[in-house]
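What follows is a set of notes on a single structure, which appears directly below.
The values are calculated or read from the model by the stated rules, or taken from the named source; none is laboratory data. Predicted model only: the values in this text are computed from it and were never measured. Don't worry about glycine lacking a Cβ; one is built from the backbone with ideal geometry, like all the others, and counts go over all protein chains shown. Each accessible area value is taken on the protein alone, full model and side chains, heavy atoms only, with ligands, DNA and RNA left out. Shrake-Rupley method; radii C 1.70, N 1.55, O 1.52, S 1.80 Å.
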2 protein chains.
Amino acid sequence: MEVERKEWTLEEYVHGGVPTSRHLQLRTSTMGVSKDDVPDGHVLLRLRWLSVDPYLRARLGSQRDGLYFPPFELHKPVTTFGIGEVLETKHSNFNAGEMVLNTIAPVSEYCTVPADALRKIELGPDSGVSALDYLSALGIPGFAAWIGITVIGNPKPGENVFISAAAGGVGIVAGQLAKLKGCRVVGSVGSDAKVKFLKEEIGCDDAFNYNVETDYDAALSKFFPDGIDIYFDNVGGQMLEAVVNHLNTHARIPLCGMISQYNQVWTDRFGVRNLLNLVGKQARMEGFMLDWNRFGEFVEEMTGYIKQRKIVSKHEIYRGTESFLESIQSMFTSSNAGKVIIQVNDEAKA
Amino acid sequence: MEVERKEWTLEEYVHGGVPTSRHLQLRTSTMGVSKDDVPDGHVLLRLRWLSVDPYLRARLGSQRDGLYFPPFELHKPVTTFGIGEVLETKHSNFNAGEMVLNTIAPVSEYCTVPADALRKIELGPDSGVSALDYLSALGIPGFAAWIGITVIGNPKPGENVFISAAAGGVGIVAGQLAKLKGCRVVGSVGSDAKVKFLKEEIGCDDAFNYNVETDYDAALSKFFPDGIDIYFDNVGGQMLEAVVNHLNTHARIPLCGMISQYNQVWTDRFGVRNLLNLVGKQARMEGFMLDWNRFGEFVEEMTGYIKQRKIVSKHEIYRGTESFLESIQSMFTSSNAGKVIIQVNDEAKA
């Protein structure tokens, strides 16, 4: 049996600016979906949900763009995290009908992957965890938020925590985690609607719109009269520089990503002039990726929060793999509140 | 009994550039040096040696210069670390004739200080430690080097360590410490004579002159073909940016100071554009001051190294308190190799 498969490939590296249809193209091909088409040790999936994250932008640049994430290969499918159902299997750990998390899911409806890229997930009313949780609070964004806040930030009750891109997939989990640790949390976002969203749905103590409060230094003086103890940085650039003027002694800056900088070639990026302040404030700035050695610990803690509804996932759903380019562009226009997810087909239920 | 005392005071904050006689002035006054002139709990000292350090430049700017070290008060004496002999005492812990380290020594020959600013030191042929050691390897510069290399850097044998301003008071100790920890050590300095000094007297594996190797990026490619694991930063600015392009995964950057940036007002300082690299490299940048809770631990480790002559102090001696302004200016012209120290009077013996 064969199906027509649409799949996004990277046709040209993005050397600056937002990805367009010149860089990312939707290709159509046919694909065998019988058991005979599956190599040994592999599993055939029908994907239901796909994760769209800012770091993908970094993987669309070549090594010379200085983004320092492993670039995708040209003329090959771009991959992300996805949730799918096992259709056919040639690995004894997986059975047809099971739902799995695929860590190298192409932006497509069907894929054949080595079993070691998959993790079984438990869904259903009894689990207390939804498929979408696995792509947000319990997935990459939640894991990034947990490492930044818990491992690097190590917050103490009463500390002042600032989160940029606070309504994004990572930001909403970081904010909720910091609140659970007893901190005062303020987020920055790009629209007034998101300010409302953070205060009413995410539980932030306060929030501001950086398109309105364009003097970041003044905004931080207003929202952090007692200074900043932890800055969870998702944006870099001018906001990072402004924050460095408001740090308390022994402040920590987990660097999760720098969405304001991804679309510039590196020599055009914003130069942070006040790093000298880190000396006087004995402050630490630390970049991080996902440390899989701690994934189990994260899953345990986060599953507890989700089941007790102490941490909720919020999503911005795009429909169909065709929407991938639009969904990735949307992350640079402040239009989303919550985790961006593609619903691959109508059968996908959260 | 009275003596004529010359003492340096700060008459105007330095808002940019190198301090001049407009900012620092040598004042003459008379001072009583009888026991009756000493308040209770105080000690009268005749100073022998004074420490001149780059961080003093930061204290000569006002708060608005964004240097984030506590500024000296205007029209008051500037203070530093000094070694002196007790002349008169009104505190039972100290006796006339003892040698002490004074943590708030004016740049002068005589001073009266509260006893809690003093630490007794042991000199003499049996101690294995000289007076100058207390101002260099066993003093502020050595303590800074130890925190940066040992506490923040946490080096593993075989790692590649880069040290800027490597022939300075802090740099020479940092380099020797990193060698003792089994690392490959390369330093940057401002003259060919210092390149030779680092390789022949400090034990660095290699060194380069940044005034000759003006393309820092190319220089680091040449001297660190395997990347940089620890960058002990004394200079900030362009060299820091270049280093951030050469970091290995999990690299550490202890920020000790940024001598290239002290003479600029903050908005003129060099902007570091590639902090995004810290994310991909999971690298940490951490500012530090002296953590006195760890001073005992430092003294124990460092005294051992000094007695075994595993770490040696190197000095650039200026003579007389009159030389203070010249000595501080010299730190910005690459003219010194080793720790800058003022020999206050001829009786001072190391």
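How large a share of the accessible area of region A:145-301, in percent, is made up of carbon and sulfur atoms when the probe is 1.4 Å and the other protein chains stay in place? Working shown, then result.
Numbers: 2450 of 5310 Å².
Here it works out to 46 percent.
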- Between region A:278-293 and region B:156-182, how many Å separate their Cα centres? 22
- Note on the structure: Of the residues B:Ala117, B:Thr89, B:Pro141, the Cα lying farthest along the dipole of region B:71-170 towards its positive end, which is defined by charges on the beta carbon of Lys, Arg, Asp and Glu, belongs to B:Pro141
- Going by accessible area, probe 1.4 Å, with all protein chains left in place, what is the ranking of B:Lys281, A:Lys156, B:Lys339, largest first? A:Lys156, B:Lys281, B:Lys339
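Give me the number: length gained by fully extending A:Ser221 to A:Lys196, i.e. 0.36 nm times residue separation minus the C-alpha to C-alpha distance, one decimal in nm. Kindly include the intermediate steps, with their values, before the conclusion.
Details: separation 25, 0.36 × 25 = 9.00 nm, distance 2.07 nm.
Using 0.36 nm per residue and subtracting the Cα-Cα distance, I get 6.9 nm.
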- What residue among A:Ser51, A:Ser62, A:Ser21 has the largest mean-square fluctuation in a Gaussian network model of chain A, using Cα springs under 10 Å? A:Ser21
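When Lys and Arg each count +1 and Asp and Glu each count -1, what net charge do the other residues less than 14 Å away from A:Ser221, Cβ to Cβ, add up to? Write down the numbers at each step before the final one.
On the way: positive: A:Lys222; negative: A:Asp206, A:Glu213, A:Asp215, A:Asp217, A:Asp226.
Residues near A:Ser221 contribute -4 overall.
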- With the solvent-accessible surface defined on protein heavy atoms using a 1.4 Å probe, which residues belonging to region B:67-87 display a reduction of at least 10 Å² in accessible area in the multichain context relative to the isolated chain? B:Leu67, B:Tyr68, B:Phe69
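What total accessible surface area, summed over both chains, is buried at the interface between chains B and A, computed with a 1.4 Å probe and given in Å² to the nearest 100? It would help to have the intermediate numbers written out before the result.
Working: alone 15140 and 15110 Å², together 27090 Å².
For B against A, buried area totals roughly 3200 Å².
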- Note on the structure: At the level of C-alpha centres, the distance separating region A:187-211 and region A:22-64, in angstrom, is 34
- Query: Tell me, which residues of region B:238-258 get at least 40 Å² less accessible area when the other protein chains come in, versus the chain alone (1.4 Å probe)?
  - Reply: B:Asn245, B:Met258
- Inter-copy distances for A:Met1, label 7 Å out on the Cα-Cβ vector, sorted ascending, nm, one decimal, are 10.7
- Message: Run the simple label-point estimate for B:Arg119 and B:Arg22 please: 7 Å along Cα→C-beta, distance reported in nm.
- Response: 3.8
- B:His250 - accessible surface, heavy atoms, 1.4 Å probe, Å² rounded to 10: 110
- Item | Inter-label distance, nm, simple model (7 Å from Cα along the C-beta direction), A:Thr214/B:Trp292 | 4.7
- Message: Once the label point is set 7 Å along the Cα-to-beta-carbon vector, what list of distances in nm do you get between A:Glu326 and its counterparts in the other copies?
- Response: 7.6
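Under a point-charge model restricted to the Cβ atoms of Lys and Arg (+1) and Asp and Glu (-1), what is the dipole moment magnitude of region B:1-120 relative to its Cα centre, in debye to the nearest 20? The partial results should precede the final answer.
On the way: 14 positive and 16 negative charges, 69 e Å.
My answer is approximately 320 debye.
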- Item | Inter-copy spacing of A:Arg27 label points, which lie 7 Å from Cα along Cα→Cβ, given in nm from shortest upward | 7.9
- Measuring from centroid to centroid over Cα atoms, what is the spacing of region B:1-18 and region A:226-249 in Å? 36
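With every protein chain kept in place and ligands, DNA and RNA left out, what is the accessible area per residue of region A:140-287? Probe 1.4 Å, answer in Å².
I get 30 Å² per residue for this part.
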- Cα gyration tensor category, rounded, prolate or oblate, for region B:268-350 with a/c compared to 1.5: oblate
- Item | Global geometry of region A:140-287, whether rounded, prolate or oblate, following the gyration tensor of its Cα atoms and the 1.5 cut on a/c | rounded
- Task: Binning at 10 Å from 0, report for region B:72-207 what percent of all alpha-carbon pair distances ends up in each bin.
- Result: 12, 32, 28, 21, 8, 0
- Task: At 1.4 Å probe size, with no ligands or nucleic acids counted, give the accessible surface of B:Leu290 in Å², nearest ten.
- Result: 40
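When Cβ neighbours within 10 Å are restricted to other protein chains, what is their mean count per residue of peptide B:192-201?
On the way: counts 0, 0, 0, 0, 0, 0, 0, 0, 0, 0.
So the per-residue partner count for this stretch is 0.
Tally the DSSP beta bridges in chain B and give the antiparallel ones as a percent, rounded to 5.
Working: 36 of 60 bridges.
Here the share of antiparallel DSSP bridges comes out near 60 percent.
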- Leaving out ligands, DNA and RNA but keeping every protein chain, what accessible area does B:Trp292 have, in Å² rounded to the nearest 10, with a 1.4 Å probe? 110
- Of B:Arg48, B:Arg27, which has the most accessible area and how do the rest follow, probe 1.4 Å? B:Arg27, B:Arg48
- Item | Nearest-to-axis residue of chain A, judged by beta-carbon position, where the axis maps A onto B, in Å | A:Gly271, 1
